[in-house]
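This report refers to the structure that appears directly beneath it.
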Amino acid sequence: MTSRTLNRLTAMQAAKLKTPGKHADGGGLYLLVDGSRRSWIFRYTWRERERSLGLGSARDLSLAKAREMAAE
């Protein structure tokens, strides 16, 4: 059985990331960086298909709040 790491990012790291792409925080939570846009997404599997749920802009949603929403 493999262990999954949660809370990989710190708030400071999330604020400073500039590299485009998906940056995993763990538990299906990702920070999506696309140029100057940054948003939180939650990836999950439902009925054997992978899905993505947008949680909101990283400017408006803190890392702690994004983790809370992903946990629900």
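General observations
- Residues that are modelled with pLDDT of 95 or more and either of a type in the set (Gly, Ala, Ser) or farther than 22 Å from residue 5 by Cβ (or both), drawn from region 26-46: 39
- Matching residues, region 38-50, being without any contact (Cβ under 8 Å) to a residue 12 or more places away in the chain and either assigned to a strand (DSSP E or B) or within 11 Å of the chain's Cα centre (by Cα) (or both): 45, 46, 49, 50
- Restricting region 26-66 to residues that are in contact with a Gly (Cβ under 8 Å, 6 or more places away or on another chain) and not hydrophobic (A, V, I, L, M, F, W, C), the residue that is surrounded by the most Cβ atoms within 10 Å (Cβ to Cβ): 39
- Being free of Cβ contacts under 8 Å to residues at least 24 places away in the same chain, within 20 Å of residue 71 (Cα to Cα) and under 11 Å from the mean Cα position of the chain (by Cα) is a description that applies to residue 53.
- Test: residue 14 is surrounded by 13 or more Cβ atoms within 10 Å (Cβ to Cβ) and assigned to a helix (DSSP H, G or I): yes
The values are calculated or read from the model by the stated rules, or taken from the named source; none is laboratory data. Being a predicted model, the structure only gives us computed values, none of them experimental. Methodologically, a virtual Cβ is constructed for each residue, glycine included, from the backbone with ideal geometry; neighbour enumeration extends over all protein chains shown.
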